[in-house]
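Have a look at the structure below before the remarks.
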Amino acid sequence: MVGSFTLEGIPLSISTDQKGSLSNPNYLGILGNNILEKFTIVIDPKHQFLGLKPAENYQKKYKHIFKSNGFKENPDDTSSWILSFAYEDSPALKAGLREDDLIVAVNDVSIKELHLAEFIKNIKKNQKVRLKVKRKEKYVTIKFKWKPVLKR
């Protein structure tokens with residue numbers, strides 16, 4: 001929620017940094033332009049008010065904001081992660097991964113034995129990744145090289 005406005009379908013990433021500004025325990029995230037463009041910012045210094053008013057495109061669905069993919073833990077099944085978003089330029093999508101795929105293993109290690117935050121923290125640029133994916137009732141293997149979106 002932003003104020004009293006509920007925004008749905010927004011990709012979210014969580015920092016696992018242990019150094020720098022994103023490692024601060026009070027860091028809650030960045031409100032990016034893709035969210036702000038849905039609002040008109042109302043500034044009223046006389047009444048000391050700063051607020052948001054829905055803009056014309058408030059109801060418009062989000063297009064792909066990032067050029068990567070995001071995983072989240074499956075709240076219904078601890079033996080899988082969900083591909084929560086994937087974008088056309090990501091190596092994972094080009095290799096065949098699809099939104100809502102259930103990832104059940106990474107490099108032959110069951111998701112039951114992995115922690116998502118640790119996986120994200122430890123993955124290296126150009127590291128080969130092999131995912132065992134459950135798509136509907138079938139299992140598929142997806143192979144690709146991990147490519148970071150941002151350089152550290």
Check: Between their Cα atoms, which of Lys72/Lys132; Lys112/Lys138; Lys38/Lys125; Lys38/Lys121; Lys60/Lys138 are more than 24 Å away from each other?
Finding: Lys38/Lys125; Lys38/Lys121; Lys60/Lys138
Check: In nm, to one decimal, how far is the Val109 label point from the Lys134 one, both placed 7 Å along Cα→Cβ?
Finding: 2.1 nm
Notebook entry, point to check: What ³J(HN,Hα) values, in whole Hz, does the Karplus curve 6.51 cos²θ - 1.76 cosθ + 1.60 give for region 111-128 when θ = phi - 60°, with x put for Gly and Pro?
Noted result: 4, 4, 9, 10, 10, 4, 4, 5, 4, 5, 5, 9, 5, 10, 4, 6, 5, 6
Check: Computed FRET efficiency, Cβ-Cβ of Lys147 and Gln59, R0 30 Å: what is it to the nearest 0.05?
Finding: 0.35
Notebook entry, point to check: What FRET efficiency, computed as 1/(1 + (r/R0)^6) with R0 = 22 Å and r the Cβ-Cβ distance, is obtained for Asp76 and Glu99, rounded to the nearest 0.05?
Noted result: 0.85
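Where a number appears in this text, it was derived from the coordinates with a stated rule and is not lab data. The shown structure was predicted, so the numbers you read here are calculated from the model rather than taken from an experiment. Glycine also receives a Cβ, built like all others from the backbone with ideal geometry; neighbour counts cover every protein chain displayed.
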